[in-house]
Structures are given as C-alpha cells and as structure tokens.
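Below: the structure, in structure tokens.
All of the numbers you see were taken from the coordinates with simple rules; none came from a lab. This structure is a prediction, so every number in the text was calculated from the model and none was measured. Every residue, glycine among them, receives a Cβ derived from its backbone with ideal geometry; neighbour counts consider all protein chains shown.
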Amino acid sequence: MPLSSRHLLGLQGVPGEDIQLILDTATTFREVLERPIKKVPTLQGKTVVNLFFESSTRTRISFELAEKRLSADSINFSASGSSVSKGETLKDTMRNIEAMKVDMVVVRHSAAGTPLFLTKVCNSNIINAGDGIHEHPTQALLDMYSIREKLGKISGLKVCIVGDISHSRVALSNIYGLKTMGAKVSICGPSTMIPKYIEELGVDVIYNIDEAIQENDVLNVLRIQLERKAREYFPSIREYVKYFGIDDERLEKNGKDILILHPGPINRGVELSASVADGRNQIILNQVTNGVAVRMAVLYLLGTSN
C-alpha cells in the first residue's frame, strides 16, 4: 500500500494511515539493522541527492546510512563550494541536479517552504530534512517510533514537548504527528518561547516544569537553539536551568518514572543534567538508531511508489 503523497514535506495533514504505514515499515528495517549484513537491495539503481544548506550531523549521517542500507546511490551536496556560492538560484541548482537523472532529493534549508518549492520545479520525490522553523517530519516520526517501541503505543499517552517551542521545527512536526496518532500533547517552556495562538493546534500550555513532569508519560525535551538567538528570550542560561532544566532531583521530587526524549544535540547541563542525559529514563541513543530505520522506511515507501 503506497503513501498518499509522493513527497514528505511535513506531518500537517498527513493521514494517520500513512504514519502507521511508515512506523510499521520501520519495524521491518529496524530488524535489518540488527543483522550481520545490514543491507538490502530494495532501492538498487535509485539515486538520492542529500541537498543540505544547513549544518547537520545526525540527520545527514542518518539519511546517508539509510540510503546505503537500501543499496541506493547517494550524492552529498553542500552549499559551500558549489555554484550557489557564485550566485546560482535554488531553482537552477535543482534543475541542473535533476538533469543528471536523480530520483529523490533530501533537502534541509534555513528557509521555511523550500521543500514545497522544490516540488514545483522538479519531478523527483522530495523529503524534508528540516526547513527553517517550519517542520522536521522524519525527526517526529522517529520520536513516535521510539515512544511506541518503548511504551507499546502512542494513542492515549500524554506527551509534553519542553523548551524552545518558538524556534523548533521538531516541536511542530511532533504536535501534528502525535495528535494524529491519538496522543494528548502539551508544551512547556518560558512564556517568551511559546508562540501566540499555539493552543489553536489543540495543545495545552504549561509554564511549570514540575507540573509537566507530574501530568505526562513522556517528555520530549528540545535543545535551546543558541544559533537562532534563543538566548535573547530569557535572562540567562542559569535562570533557564533553574526553572526548566531537568535533573535527577527534579525527577525524584515529582516521583515520576517518566520517559525522556531529546532530538540532539544536547546542551548538557542546560536542558538535561549529565546524569539524566545518560540515565535510565532517557532513550536518546535509541532515537538515533531508530532514525536510520524510519528514514529507510520513508525512502523505501517513496522510492518504490513511482
């Protein structure tokens, strides 16, 4: 059964059946990653371009590995040293790349809406690897997969997204995906980092981290994005840690055996203390492993639907 769209631009409006199909397919590929030979010929003959205009470690390597595990040919593009630095437009860059007969494009860009724009100027399958502060669908999918793997379900769970909501594309994709799959979603953070009218997306807003811990089954803790000038939204790192940082003392005080996720990279000692980041409540490295399986599933489902 194919996905309802030939692109993955975000999770807004994506049917629950599509999300379920991706997660179920990822389970199959997760088993592949445990084999001695972690490779299948599923996308042999397909060519995937990783078009990254922003820095990335986990997402880029995860997509590269997913492509190689599926036996696809992958090409990595960086804006620095390319014709973009000479003034070439994104449209011309994409059309020149597609003229080399590629099949799929994984794109990360600082401008929201870039993946959608690419669908209008080329015929390749487009996968959004993060566009500005809009969406990051595969991160949300791997978060949901990791929750389901650990707790056995998504529907009916209470999940709180904590931190810099305003600057986070991960938060928006998680809100859309989790709600579609039946979870009750809330957000928690400083008032200056909570977007206006966010409640219209059907989420509750909590301003007290202790209350968030007490009321939820899962915390998805976001990174404070210092590169997006997030420091301007609270007085100091020390104050953020005092009111929203999660450490062992805070978890023990609230008496809750809560599941903790983090999309990475972690600002240790800020969002999470070192002991929590390495502790028994977190599944951060599981998320990284699951990210390869989820991206294999997305590439497979889109790459075999043409």
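Taking the inverse of the mean 1/r over every pair of distinct Cα atoms in region 61-219 gives a Kirkwood hydrodynamic radius of 17.7 Å. Result for the chain in a Gaussian network model with C-alpha springs under 10 Å: among ILE237, ILE161, ILE126, the largest mean-square fluctuation is at ILE237.
Using 0.36 nm per residue and subtracting the Cα-Cα separation, the extra length available between ASP210 and THR28 on full extension is 61.8 nm. Of all beta bridges that DSSP places with both ends in region 137-287, some 0 percent have antiparallel geometry. Each stretch of four or more DSSP H residues adds -39500 (n - 2.57); spread over every residue of the chain, this sum gives -11500 deg cm²/dmol at 222 nm. Between LEU23, LEU33, LEU11, the residue with the greatest mean-square fluctuation in the GNM of the chain (Cα pairs under 10 Å linked by springs) is LEU33. The percentage of C-alpha pairs in the chain whose separation is greater than 27 Å is 41%. The ranking of VAL221, VAL241 by Cβ neighbour count inside 10 Å, starting from the fewest, reads VAL241, VAL221.
When each full DSSP H helix of the chain is screened for a Cα extent of at least 27 Å along its own axis and an average Kyte-Doolittle hydropathy of at least -1.0, the helices passing are 284-303. Alpha carbon centre of region 279-306 versus region 187-223: separation in Å? Each part reduced to its Cα centre gives a spacing of 25 Å.
Extension gain, ASN286 to GLN20, is 93.8 nm, computed as 0.36 nm per intervening residue step minus the present C-alpha separation. What the Cβ-Cβ distance of ASN96 and ASP257 gives, at R0 = 51 Å and to the nearest 0.05, is a FRET efficiency of 0.45.
If you run the Gaussian network model on the chain, springs between alpha carbon atoms under 10 Å, then out of GLU54, GLU135, GLU271 the most flexible one is GLU54. The Kirkwood radius of region 137-287, taken over pairs of alpha-carbon atoms, gives through the Stokes-Einstein law at 10 °C and 1.306 mPa s a diffusion coefficient of 105 µm² s⁻¹. Ordered by the count of other Cβ atoms within 10 Å of each Cβ, fewest first, SER71, SER166 give SER71, SER166. Projecting the Cα atoms of MET296, ALA112, ASN208 onto the charge dipole of the chain (Cβ charges, centred on the Cα centre) puts MET296 farthest toward the positive pole.
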